[in-house]
Amino acid sequence: MNFDFELILAIAFFVTGAVWVYDRVVFLPKRKAMLSDLTEEACSALPKSVKDGFGDTPKWVVEVKSYFVIIAVIFGLRSFIVEPFQIPSGSMLPTLEIGDFILVNKFDYGVRLPVLNTVLIPTTEPERGDVVVFKYPQQPNLNYIKRLIGVPGDVVRYQNKNLMVNGKPVKEELLAELQVSLNPSKEPVSLHEVEIGDVSHQVYKSYRDSRLEGEWIVPEGQYFVMGDNRDNSSDSRVWGFVPEENLKGRAFFVWLHWNDFFSLPNFKNSGLIE
């Protein structure tokens, strides 16, 4: 079962916030009145947990409101500044490995309303070559990560494992032929250096025939994305374009690698994402 953590966090924020306001309006005046009857010395000696329970404040109110500040900080950071993700598949190899923990800049493509993802304050526009995290168009509670290849108005063509944007071949150089790759299939691949937009990055190509071919015209308000693991990626070549409102942010940093529960976390891939 897939959980929409962003929605759950938003609900927790509003519930604990409502309880915090309820306490401030209903029970705080009672606590202040009762504490005012105590001497200053006696009042200062009382633990905070005891003070919070004055004025017949229900225990559940004390418990719930105590989480509000923590949840508010987490909610604010994840919604407007930076959000962590873990890479679940090999579609972005060799750039990102399965088990990489990444950070996503949440304000690069506009300050957005949490959950609804509506832009409140425009900032910068997505650019070709960006590694973007977005809500999967066919199942919005899932987050996907791919590289942005085409912006609105672009004509993207992928034929015979060669990529063209607006009729111009994307610059590419063969770096190595690898007998065993990091793909789960362990199939041989060729490693290429690719330059798209202002970004130079590496991609994998398998030696088997690719069925992910065609030509696409990117509509207004939509984006075309591909995985760096060119022949092992479900992306815009398969399920179509990414609507602008589905964008969540730009991936910019790998901070930890943890392949599975039984392995030790490490920092072997830590660094900026190209």
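The values are calculated or read from the model by the stated rules, or taken from the named source; none is laboratory data. In this text, all values refer to a predicted model and were calculated from it rather than measured experimentally. Cβ: placed from backbone, ideal geometry, glycine included. Neighbour counts: every protein chain shown. Note: accessible area is taken over every heavy atom of the protein model, side chains too, but ligands, DNA and RNA are not part of it. Shrake-Rupley method; radii C 1.70, N 1.55, O 1.52, S 1.80 Å.
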Condition met for Phe224 (under 25 Å from Asn141 (Cβ atoms) and among the hydrophobic types (A, V, I, L, M, F, W, C)): yes
Flag if Val104 is surrounded by 16 or more Cβ atoms within 10 Å (Cβ to Cβ), of a type in the set (Val, Ile, Thr) and at pLDDT 95 or above: yes
Restricting the range 66-91 to residues that are within 15 Å of Val104 (Cα to Cα) and aliphatic (A, V, I, L, M), which is least open to solvent (accessible area, probe 1.4 Å)? Ile87
Among the residues that make up the range 197-219, is at least one of them in a strand (DSSP E or B) and under 18 Å from the mean Cα position of the chain (by Cα)? no
Being loosely packed, with under 15 Cβ neighbours inside 10 Å and out of contact with any Phe, Trp or Tyr (no Cβ under 9 Å at 6 or more places or on another chain) is the filter; apply it to the range 123-161 and report the residue that is farthest from Leu247 (Cα to Cα). Asn160
Looking at Glu127 and the list (1) farther than 30 Å from Lys171 by Cα; (2) part of a loop (DSSP other than H, G, I, E, B), which single condition is not satisfied? (1)
Counting only helices (runs of 4 or more DSSP H) wholly inside the range 1-65, the ones holding at least 1 residues that are modelled with pLDDT of 90 or more and open to solvent by 90 Å² or more (accessible area, probe 1.4 Å) are 5-22
I'd like to check something: does the range 187-195 contain any residue that is touching a residue at least 40 places away in the same chain (Cβ under 8 Å) and among the hydroxyl-bearing types (Ser, Thr, Tyr)? no
